[in-house]
1. Of the conditions (1) at positive phi; (2) open to solvent by less than 20 Å² (accessible area, probe 1.4 Å), Gly112 fails just one. Which one is it?
2. Which of the numbered conditions does Cys105 fail, given that it passes all the others? Conditions: (1) modelled with pLDDT of 95 or more; (2) assigned to a helix (DSSP H, G or I); (3) open to solvent by 50 Å² or more (accessible area, probe 1.4 Å).
3. Quick one: which residue in Met21, Met27 is surrounded by 13 or more Cβ atoms within 10 Å (Cβ to Cβ) and closer than 14 Å to Leu9 by Cβ?
4. Could you list all residues from region 5-17 that are open to solvent by 40 Å² or more (accessible area, probe 1.4 Å) and either more than 25 Å from Asn81 (Cβ to Cβ) or touching a strand residue (DSSP E or B) at 6+ places or on another chain (Cβ under 8 Å) (or both)?
5. How many of the residues in region 7-35 are touching a residue at least 60 places away in the same chain (Cβ under 8 Å) and in a loop (DSSP other than H, G, I, E, B)?
6. Conditions: (1) modelled with pLDDT under 95; (2) open to solvent by 10 Å² or more (accessible area, probe 1.4 Å); (3) part of a loop (DSSP other than H, G, I, E, B). Leu38 meets all but one. Number of the miss?
7. Could you check, for region 94-102, whether at least one of its residues is in contact with a strand residue (DSSP E or B) (Cβ under 7 Å, 6 or more places away or on another chain), touching a residue at least 12 places away in the same chain (Cβ under 8 Å) and of a type in the set (Phe, Trp, Tyr)?
Amino acid sequence: MNLHKIRELLSGEVICGEELMDREVEMGCGCDLMSHILAHINHKSGSVLLLTGLTNPQVIYTSDAVDIKVICFVRGKRPDNDVIRLANERGVVLLCTQLPLFESCGKLYKEGLLGISENE
């Protein structure tokens, strides 16, 4: 699914990486536990969108470790400038939406974005 479509479906906003919005993602993952990201996503997973309510730098470091290049912050959360700088340095697109995590995942799944368990 194209990032422009994801932004539209979630009534989202691009925080950084506007120039990378033509990217496609193959699957999505909604999670606030970074240990679960490390345990269940690997470089063979493909292009993954992470939806999370966490806005600390650990989200960027964890995403970088498993090659996630798109993060959407839910519930109106916004990262601070240090997190945005880290994302820019690593080529990570940051989005945000006012929707809660469950509804965000549901809207994307309904429109055909697979979950990570469906690509194993």
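1. Condition not satisfied by Gly112: (2).
2. (3)
3. Numbers: Met27 fails: closer than 14 Å to Leu9 by Cβ.
Result: Met21 is the single residue among Met21, Met27 that is surrounded by 13 or more Cβ atoms within 10 Å (Cβ to Cβ) and closer than 14 Å to Leu9 by Cβ.
4. Lys5, Arg7, Glu8, Glu13
5. So the count comes out to 9.
6. All conditions pass for Leu38, except number (3).
7. No, because not a single residue in region 94-102 is in contact with a strand residue (DSSP E or B) (Cβ under 7 Å, 6 or more places away or on another chain), touching a residue at least 12 places away in the same chain (Cβ under 8 Å) and of a type in the set (Phe, Trp, Tyr).
The values are calculated or read from the model by the stated rules, or taken from the named source; none is laboratory data. The model shown is predicted, which means the values in this text are computed figures rather than measured ones. With ideal geometry, Cβ positions are generated from the backbone for all residues, glycine too; neighbour counts draw on all protein chains shown. The area values use the complete protein model at the heavy-atom level, side chains included, leaving out ligands, DNA and RNA. Shrake-Rupley method; radii C 1.70, N 1.55, O 1.52, S 1.80 Å.
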